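Encoded as structure tokens, here's the structure I'll be asking about.
The values are calculated or read from the model by the stated rules, or taken from the named source; none is laboratory data. Everything quoted here is computed from the prediction, not taken from an experiment. For neighbour counting, all protein chains shown are included, and Cβ atoms are generated from backbone atoms with ideal geometry for every residue, glycine included. Please note that ligands, DNA and RNA were not included when accessible areas were found on the heavy atoms of the full protein model with its side chains. Shrake-Rupley method; radii C 1.70, N 1.55, O 1.52, S 1.80 Å.
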Amino acid sequence: MPVRTVVERGPKGKRSVAFVIDWPGWSRGARSPELALETLESYRDRYRPVACLAGMAREFDAAGPLIVAEDKVGTGSTDFWGISFSPCAAEQGPLGEAELERGITLLQACWAFFDGVAARVSPEMRKGPRGGGRDRDRIIAHAVRTESEDFAKQVGLRTPEGAALTPGGLHQHREAYVAAMRAYNAGEVKRRMRSWTLAFLIRHSAFHMLDHAWEMEDKDLSAEDGA
């Protein structure tokens, strides 16, 4: 089966992003739509461990070529960051139960992958322009706090500042986040998202964790330290 892909262009044409609808987190940005699609394809093997953790390796390996299902204009943040910041046409409205559970399973796999990378990379990271040269623990704290204290608000979940930064607190946040998503989809959360949708929230949460997991892999100094 072809892999349904969306191209999202920045309004000023400075950057574009390509992402896969059915595999949350598989998303890459670049200077042009063509380069974004090329980069997205190059990350197919890097996304595969997530599919394996989700128990979906056979389905992922059977996936065909990337097929652009939608070409859309994003927000100003797309131009600035090269990241998708708005839902596509396929991400509107409530999710069916199977679709919701599939998205949650893949998000949980992204969490597991992130945790695994964080546990094996060097505390000190290779310096570079991205993230102002943050080391491992600062990357972890940023990823966890952004999700728990920012993204989670979209489904009515309020996490105290820094509460998810301990192992116990992180486990509690993730359980509460998943429960809040299910409640939101069932219509139990009164305050509804304005510009985001639940499908986009799942995709964006998965992307954010994976993006920083891949950042840690790319900046890992373990091999050099052991040389």
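Going by the conditions given, is PRO160 open to solvent by 40 Å² or more (accessible area, probe 1.4 Å), over 30 Å from GLY13 (Cβ atoms) and touching a helix residue (DSSP H, G or I) at 6+ places or on another chain (Cβ under 7 Å)?
On the way: open to solvent by 40 Å² or more (accessible area, probe 1.4 Å): yes; over 30 Å from GLY13 (Cβ atoms): yes; touching a helix residue (DSSP H, G or I) at 6+ places or on another chain (Cβ under 7 Å): no.
Judged against the criteria, PRO160 is not a match.
Specify the residue that is most open to solvent (accessible area, probe 1.4 Å); the eligible residues are those in region 3-16 that are over 14 Å from ASP71 (Cα atoms) and over 21 Å from the mean Cα position of the chain (by Cα). Please lay out each step first, then the result.
Taking region 3-16 first, the residues over 14 Å from ASP71 (Cα atoms) are 3, 12, 14.
With over 21 Å from the mean Cα position of the chain (by Cα) added as a condition, the list becomes 12, 14.
Values: LYS12: 159, LYS14: 115 Å².
Looking at residues that are over 14 Å from ASP71 (Cα atoms) and over 21 Å from the mean Cα position of the chain (by Cα), I get LYS12.
Answer with yes or no whether ARG28 is surrounded by 18 or more Cβ atoms within 10 Å (Cβ to Cβ) and of a type in the set (Lys, Arg).
Yes: the conditions hold for ARG28.
Right, PRO123: modelled with pLDDT under 95, more than 16 Å from the chain's Cα centre (by Cα) and surrounded by fewer than 15 Cβ atoms within 10 Å (Cβ to Cβ) or not? Walk me through it before giving the result.
Numbers: modelled with pLDDT under 95: no; more than 16 Å from the chain's Cα centre (by Cα): yes; surrounded by fewer than 15 Cβ atoms within 10 Å (Cβ to Cβ): yes.
Taking the combined requirement at face value, the residue does not satisfy it.
Can I ask one more? Residue by residue through region 95-112, note down the ones that are surrounded by 14 or more Cβ atoms within 10 Å (Cβ to Cβ) and part of a loop (DSSP other than H, G, I, E, B).
LEU95 - this is the single residue of region 95-112 that is surrounded by 14 or more Cβ atoms within 10 Å (Cβ to Cβ) and part of a loop (DSSP other than H, G, I, E, B).
Cβ-Cβ under 8 Å, sequence separation 6+ or interchain: first residue in region 34-52 and acidic (Asp, Glu), partner surrounded by 15 or more Cβ atoms within 10 Å (Cβ to Cβ) and not in a helix (DSSP H, G or I). Which pairs?
Close Cβ pairs (under 8 Å, with a partner that is surrounded by 15 or more Cβ atoms within 10 Å (Cβ to Cβ) and not in a helix (DSSP H, G or I)) amount to GLU38/ALA30; GLU41/LEU66.
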